[in-house]
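Asker: Attaching a single structure in structure tokens format; questions to follow.
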Amino acid sequence: LKMSWFWFYLPLHLLMAACLCHSIKAPTTSSQQSFKTDLFNFYHSLILADGKETTIHLLKDIPKRYYFVLEEGRTLAPFTITVTPCDVPIEWSILVHKASASFLGKAAQGDHDTQELSKSQKPPSIVSTIFNYKGNSVETYMGMSSHSALYMLEFLSTERDTHITVYLTTDTTSGHLYPELPMDPRIDVIGIGHTTATLTWKHSPSVLQHRENIQYCLLVNEKHNYKSLCAAETAIRSSGMKLPPTLALSLSPYLLDPQQVMILSNSELSIINKVSSGEVRQICMGTKNTYTVTNLSPSTQYYFDIFVVNLLTNASAAYTGTFARTLEEPEPKVTELKDGKVIQVVLDGKKQKFYSLQYQARHKKIQFTFQLCYGQVRLHLTKNGKTVASENISGLRYFSLKGKLLDTYLVQMRSTEESNSSVKVQVSPHFHKPLFPLLPESLKIKSFSKLRTCNSVTIAWLGTQEESKYCVYKKRIEDHQVWMELQSADRCSGPESRPKSEKVLCKYFYNINLQRAVTTETIKGLDVGTLYLFDVYLFGPSGIPIRYHSKVVKTRKKC
């Protein structure tokens with residue numbers, strides 16, 4: 001009897017093997033190497049847990065083996081194995097090792113014949129492969145096991161290091177770890193527009209039975225469909241993005257990365273990841289089985305995946321993904337500019353296309369004014385087809401031009417960022433009535449750390465030689481809101497959209513000597529150890545405000 005067989009059955013029939021060890025001769029020199037190899041392989045294999053999802057890490061071209069045996073007491077017992085590749089395709093198989101029941105009975109009784117087995121004889125055992133698979137789909141095997149059989153699962157990745165999840169269960173009477181999919185797991189696209197796509201899918205039976213513990217999550221990307229939730233998460237992580245532990249999120253209210261935006265509205269959680277291949281959106285919408293995805297780019301192919309997620313176990317099942325192309329947006333019409341009229345343009349950062357404005361001069365002298373509201377904007381200005389200016393806009397920018405009556409000016413602008421940008425534009429022949437006030441050298445607000453107390457802060461800002469009105473506003477914020485408040489600030493918006501409770505004061509001042517055109521203000525009545533966002537608005541003769549750069553200051557905790 002080869003000792004390799006003995007060690008192979010050790011975890012299955014420990015008592016039987018104990019009897020055999022007294023009756024089997026020690027391995028000869030010729031079989032010692034085989035004995036050591038099998039012993040090494042056994043102790044470097046793992047027992048697969050029953051009823052628990054196991055994460056397994058695979059190294060390229062190195063197979064990994066797991067064993068499982070079932071409780072004795074039943075001749076046949078049902079079991080299921082679900083394997084989920086989380087990245088590249090893998091190979092996996094199930095092997096079963098069965099021994100003759102008559103031989104096992106003799107071995108347990110210490111039969112004399114078994115003691116006299118020669119080296120050339122083998123125990124009557126059967127080794128067979130009952131299942132094998134290669135690919136990256138989620139696969140489930142259902143079978144019946146015998147307590148006299150030992151099962152081995154072998155996994156192999158030939159492309160690169162990766163990880164998978166494996167779930168073995170012999171309890172087919174209780175609830176499922178994974179949510180169930182409907183008989184038809186397809187996603188239907190029932191509406192498509194320039195920037196929207198409406199999806200619907202059949203309800204999971206798990207949602208109908210356990211609505212409070214199940215939710216649907218949608219993944220939208222421009223690359224390809226994903227066959228499992230862990231495959232999607234792996235792809236996002238490999239692109240350099242941080243990711244919440246799962247799409248079955250507990251509605252965390254914090255931002256995880258500067259390139260990751262989390263939005264919670266109407267009980268829907270949306271996470272937008274900025275990756276090299278475009279945006280990856282994750283949207284969890286509860287138990288609704290119809291959803292309209294908005295803010296898509298025209299003429300772009302998107303891939304949609306729906307996952308039904310068990311909130312208690314974080315286990316998920318994937319519907320069959322689909323894809324659709326948004327409608328092509330018609331070429332934008334050229335907008336006509338009118339004398340003295342201010343228009344605000346929002347530029348799509350993803351399209352990177354120029355937005356066009358046209359003006360036909362009714363005066364020989366005109367002035368273009370551009371105010372950057374947010375983002376970064378590239379400007380190209382031509383007169384009768386010849387370039388007058390081509391530059392990035394920062395803050396306020398004026399162009400005073402001379403020409404002939406009926407000269408045609410064309411303004412073209414685009415966002416130089418992936419996110420949207422916005423700019424205000426005005427053209428006017430009235431040089432003596434400027435739209436915007438005279439600006440100071442800097443629009444920064446300064447705070448004085450030494451003058452901070454538990455309930456007050458002191459700020460300062462620069463003024464001009466022209467008497468103007470300045471209004472100060474404050475807003476209480478939390479730590480996790482700082483980045484969003486500073487990044488989303490619209491420098492073209494005035495204080496009229498803010499609550500009256502945020503207004504601190506308004507004052508007039510100027511100084512002919514620019515070196516002394518500085519004013520300070522101490523804001524009192526603040527809470528201890530609290531963050532505040534301060535804004536200063538400058539109003540000129542036209543009444544259009546200029547917003548200084550917002551300043552965040554925290555009052556002292558102890559005084």
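Asker: I'd like the accessible area for residue 227: 1.4 Å probe, protein heavy atoms, all chains in place, Å² to the nearest 10.
Answerer: Approximately 100 Å² of residue 227 is accessible to the 1.4 Å probe.
Asker: If you roll a 1.4 angstrom probe over the protein chains with everything in place, what fraction of the accessible area of the range 445-554 belongs to carbon and sulfur, to the nearest %?
Answerer: Here carbon and sulfur together make up 48 percent of the probe-accessible area.
Asker: Could you give the length gained on full extension between residue 453 and residue 486, defined as 0.36 nm per residue of separation minus the Cα-Cα distance, in nm?
Answerer: Details: separation 33, 0.36 × 33 = 11.88 nm, distance 2.37 nm.
Difference between extended and current length: 9.5 nm.
Asker: Once amide H atoms are placed 1.01 Å from N in the peptide plane, what residues at a sequence separation of 5 or more from residue 518, or on another chain, have their amide H within under 5 Å of its amide H?
Answerer: For residue 518, the qualifying residues are 463.
Asker: Looking at the range 443-505, which chymotrypsin sites (Phe, Trp or Tyr not before Pro) are DSSP coil and have at most 14 other C-beta atoms within 10 Å of their C-beta? Write out the running numbers ahead of the final one.
Answerer: Numbers: sites: 448, 461, 470, 473, 483; in loops: 448.
Passing sites in the range 443-505 are 448.
Asker: Skip the ligands, DNA and RNA, and give the accessible area per residue of the range 445-554 with a 1.4 Å probe, whole Å². Walk me through the numbers before you get to the answer.
Answerer: Values: 5810 Å² over 110 residues.
I get 53 Å² per residue for this part.
Asker: Expressed as a rounded percentage, what relative contact order does the range 334-428 have, with Cα pairs under 8 Å and six or more residues apart?
Answerer: Details: 249 pairs, mean separation 45.1, N = 95.
Answer for the range 334-428 is 47 percent.
Asker: So how much accessible area does residue 490 have, in Å² to the nearest 10, using a 1.4 Å probe?
Answerer: Accessible surface of residue 490 is approximately 40 Å².
Asker: Something else now. Ignoring any ligand, DNA or RNA, what whole percent of the accessible area of the range 334-428 comes from carbon and sulfur when the probe is 1.4 angstrom?
Answerer: Values: 2230 of 4800 Å².
Answer for the range 334-428: carbon and sulfur cover 46 percent of the accessible area.
The values are calculated or read from the model by the stated rules, or taken from the named source; none is laboratory data. Please read these numbers as outputs of a predicted model, since none were measured by experiment. So basically every Cβ, Gly included, is an ideal-geometry build from the backbone, and we count neighbours across all protein chains shown. Ligands, DNA and RNA are stripped out before the accessible areas are found, and what is left, the full protein with its side chains, is counted by its heavy atoms. Shrake-Rupley method; radii C 1.70, N 1.55, O 1.52, S 1.80 Å.
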